[in-house]
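Undergrad: Got a structure here, written out as structure tokens. Questions coming.
Each value in this text was obtained by applying a stated rule to the coordinates, not by laboratory testing. Values in this document were obtained by computation on a predicted structure and should not be read as measured data. So basically every Cβ, Gly included, is an ideal-geometry build from the backbone, and we count neighbours across all protein chains shown.
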Amino acid sequence: MARTPMILHLLLVTLFILSSKTASSSASSDVDAFLGCLSAAIPPSLIKTPATNSYSELLMSSVRNLRYVLPGTTRPFVIVAATEPAHVQTTVVCGRRHSVRIRTRSGGHDYEGLSYASVDPHERFAVLDLGELRAIHIDASRAEAWVGSGATLGELYYAAAAANQTFGFPAGNCPTVGVGGHLSGGGFGALSRKYGLSADNVLDAVVVDAEGRLLNRSTMGKDLFWAIRGGGGESFGVVLSWKVRLVAVPETVTVFSIRRSRNQSAVDLITKWQAIAPALPRDLYLRVLVQNQQAAFVALFLGRCDRLVDTMRAHFPDLGMAERDCQEMSWVKSTVFFFFNTANIPNEVLLNRSNADYFLKVKSDHVQEPMPRQAWESLWSKWLEKPEAALVMLDPYGGVMGSISPSATPFPHRNYLYQLQFFSFWFENGTAALEKRMSWVRGVYEDLTPYVSKNPRAVYVNYRDLDLGTNELDGGVTSYAKARVWGEKYFKGNFKRLAAVKSKVDPFDFFRNEQSIPPLPAKKW
């Protein structure tokens, strides 16, 4: 009798091994069939596998976080370097046909590397690299532009200014960020208090959906057009290009950067800044960067120095801003200044696409009420004086941001005072360095809990953070209930609507990753 359980156990083990081999064989067969499907319609030179000499070069070309290219990281088994829409359509159709999931990369700036890596060691996936879909066509007579998702913000700024020095675009301060990811997440920057987010200025888009169809605004429908402007385009399809409204900037703008140490009342100034910066005139954007024991107050003013001095004296006299602090320049030059902290380099630096040489972890928050002085004092003493401290960034909202409905686009964070980011970046490899830096950024985040937004603790989706939670499957698709844990932090009440759109355009959840939008279960409608 004792032999029966042992025999049953051996049978179960044998069945498990056989099923595992079958699953492995099936996955390998799907991969081979997928590659064959690609090769039938896409030039071999654009299909990069690890056996291809240029695979590593292409993979690393848009890597912005070395945490996700360490040995052991799950990499794509193929990268498709698309050069035309048909290549994207083929990749999607072949992926659907052979059960291979696609991740789309425009600039590679996803903080958690989700456009080119996976946290699942068993996942077999392909990357669609849109870096060559970067054309920019300016219609100067209409102050509009069609921009490929593979273009960078720097390339867009440069092209807009080349067409007309009074053209600008409201988007982020980092010129190497890809247009595709930035716009699909919302897109906040120095002009947002005046003109709103990047997504607020999108007029049209071209998308390849889960069926491989090429759609524009009129054919995709209002729901999908709403979703891709702030809800993360990678969840709904592949956005190839965007038609955007260029905004008016004066021929001459003014910038300044004023540094104050802790001994120079930096804590007092930051405490006051919290209420002042969001209430400043819309033409003035004043951010704070805390780094190396100093607070830098950095501003862009859409006007000349004399008006800026008057405005600062009226609204923030304690900063002591004076005419000597002013630098007047073109708007496009100000985008150079904001990223490189100098205007003494050619504008062509905006066209560079250098990749990162550091490891990175970022967390972020939104603030509804000014944090008390003692909170800033504690933050500085406990965290900002540590050797591993890196960067804390404060960006003000207010202006037109507060006049746009939180449901106008998926980006719901319209009525906060400002957003916070905590950066930890390091250059040394190894577990000790990783744990030390991750501990710092997570410690800052934990200590700020009493002072930041609540129910939910709000986060901007373009500042991706896998600490908030990751997706789990339920019946072969992403669990809506599990995804709400992180999704409502990014999108608040808009999350359910995004899931409803997902159910319409990608009900089988083909476009998915660790934090993609799930389909809304039928019973939730």
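Undergrad: Against the longest principal axis of the chain, how steep is helix 266-276, in degrees 0 to 90 to the nearest 10, with axes from Cα atoms?
TA: So the helix axis and the longest Cα principal axis differ by about 80 degrees.
Undergrad: Mind giving me the nanometre distance, one decimal, between the label points for F425 and V485, set 7 Å out from Cα along Cα→Cβ?
TA: Label-label distance for F425 and V485, simple model: 3.0 nm.
Undergrad: Next question, about the same structure. Taking the alpha-carbon centroid of each part, what is the distance from region 245-305 to region 446-464 in angstrom?
TA: With region 245-305 and region 446-464 each reduced to a Cα centre, they are spaced 23 Å.
Undergrad: Continuing with this model, one more query. For a Förster distance of 35 Å, can you work out the FRET efficiency between the beta-carbons of L70 and A275, rounded to the nearest 0.05? Intermediate results must be reported in sequence, preceding the final value.
TA: Values: r = 43 Å, r/R0 = 1.22.
Here the calculated transfer efficiency is 0.25.
Undergrad: Let me ask you something else. Residues of region 102-117 with the amide nitrogen closer than 12 Å to a label point 7 Å from the Cα of Y358, along Cα-to-Cβ, please.
TA: none
Undergrad: Using label points projected 7 Å from each Cα along Cα→Cβ, tell me how many nm separate D139 and S265, to one decimal.
TA: Rounded to a tenth, the inter-label distance reads 5.2 nm.
Undergrad: Angle check, please: helix 85-97 long axis (alpha carbons) against the longest principal axis of the chain (alpha carbons), in degrees 0 to 90, nearest 10.
TA: The two axes meet at around 40 degrees.
Undergrad: Which one of I258, T83, P406 has its Cα pushed farthest toward the positive end of the charge dipole of the chain, where Lys and Arg give +1 and Asp and Glu give -1 at the Cβ?
TA: P406
Undergrad: While we're looking at this one, here's another question. Whole number please: convex hull volume per residue, Cα atoms of region 32-102, in Å³. Working shown, then result.
TA: Numbers: hull volume 7.2 nm³, N = 71.
With only Cα atoms used, region 32-102 gives 101 Å³ per residue.
Undergrad: So how many Å³ per residue does the convex hull of the Cα atoms of region 183-247 work out to?
TA: Numbers: hull volume 4.8 nm³, N = 65.
For region 183-247, the hull spanned by Cα atoms encloses 73 Å³ per residue.
Undergrad: How long is the gain from D447 to E123 if the chain were fully straight, where each residue apart is worth 0.36 nm and the alpha carbon distance is subtracted? Spell out each step's value before the answer.
TA: Values: separation 324, 0.36 × 324 = 116.64 nm, distance 3.53 nm.
Result for the pair: 113.1 nm of gain on full extension.
Undergrad: Another question, then. Taking amide H positions as placed in the peptide plane 1.01 Å from N, state which residues far from D474 in sequence (5 or more) or on other chains have amide H under 5 Å from it.
TA: Long-range HN contacts for D474: S479.
Undergrad: Here's something else I'd like to know. Can you give me the long-range amide H partners of A458? Hydrogens built in the peptide plane at 1.01 Å from N, cutoff under 5 Å, separation of 5 or more residues or another chain.
TA: H366, S453
Undergrad: Taking only the alpha-carbon positions of the chain and ignoring solvent, what does the Debye formula give for the base-10 log of I(q)/I(0) at q = 0.09, 0.10 Å⁻¹?
TA: Computed log10 I(q)/I(0) values: -0.66, -0.81.
Undergrad: Additional query: Spin-label point model (7 Å from Cα, Cβ direction): what's the T52 to K454 distance in nm?
TA: So the label points at T52 and K454 sit 5.2 nm apart.
Undergrad: Here's a follow-up. If a paramagnetic tag sat 7 Å from the Cα of A162 along the Cα-Cβ line, which residues of region 323-345 would have the backbone N under 12 Å from that point?
TA: Of the residues in region 323-345, none has backbone N under 12 Å from the label point off A162.
Undergrad: Also, I was wondering about something else. Place a point 7 Å from Cα of R373 in the direction of its Cβ. Which residues in region 268-306 have their backbone N less than 18 Å from it?
TA: Label zone hits: 268-277, 295.
Undergrad: Starting at the first residue of region 377-391, write each ³J(HN,Hα) from the Karplus equation 6.51 cos²θ - 1.76 cosθ + 1.60 with θ = phi - 60°, in whole Hz, x for Gly and Pro.
TA: For region 377-391, the Karplus curve yields 4, 5, 4, 5, 5, 7, 10, 6, 8, 6, x, 7, 4, 10, 7 Hz.
Undergrad: Given 0.36 nm per residue, what is the gain on full extension from F508 to A86 after removing their alpha carbon distance, in nm?
TA: Working: separation 422, 0.36 × 422 = 151.92 nm, distance 2.25 nm.
Fully extending the segment from F508 to A86 adds 149.7 nm.
Undergrad: Using only the alpha-carbon atoms, how far is helix 431-447 inclined from the longest principal axis of the chain? Give it as 0 to 90 degrees, nearest 10.
TA: For helix 431-447, the angle is close to 60 degrees.
Undergrad: Please name which of F340, Y416, L280 has its Cα lying farthest along the dipole of the chain towards the positive end, using unit charges on Cβ (Lys, Arg +1; Asp, Glu -1) and the Cα centre as origin.
TA: With unit charges placed on the Cβ atoms, the residue in question is Y416.
Undergrad: Can you give the charge dipole size of the chain about its Cα centre, rounded to the nearest 20 debye, using +1 on the beta carbon of Lys and Arg and -1 on the beta carbon of Asp and Glu?
TA: Numbers: 57 positive and 48 negative charges, 209 e Å.
Approximately 1000 debye in magnitude.
Undergrad: If the only charges are +1 at each Lys and Arg Cβ and -1 at each Asp and Glu Cβ, what is the size of the charge dipole of region 33-129 around the Cα centre, to the nearest 20 debye?
TA: With Lys and Arg at +1 and Asp and Glu at -1, about 160 debye.
Undergrad: Efficiency by 1/(1 + (r/R0)^6): what FRET value for T252 and N216, r their Cβ-Cβ distance, R0 = 35 Å, to the nearest 0.05?
TA: Values: r = 37 Å, r/R0 = 1.07.
The calculated FRET efficiency here is 0.40.
Undergrad: Long-range amide H contacts for A82: which residues qualify at under 5 Å (H placed 1.01 Å from N, peptide plane, sequence gap of 5 or more or a different chain)?
TA: Close amide H contacts, sequence-distant or interchain: D129.
Undergrad: Here's a follow-up. If you stretched the chain out fully between S99 and M329, how much longer would it get, using 0.36 nm times the residue separation minus the C-alpha to C-alpha distance?
TA: Values: separation 230, 0.36 × 230 = 82.80 nm, distance 5.26 nm.
The S99-M329 span can extend by a further 77.5 nm.
Undergrad: While we're here: With unit charges on the beta carbons (Lys and Arg positive, Asp and Glu negative) and the dipole taken about the Cα centre of the chain, which residue among C37, A295, F491 sits farthest to the positive side?
TA: F491
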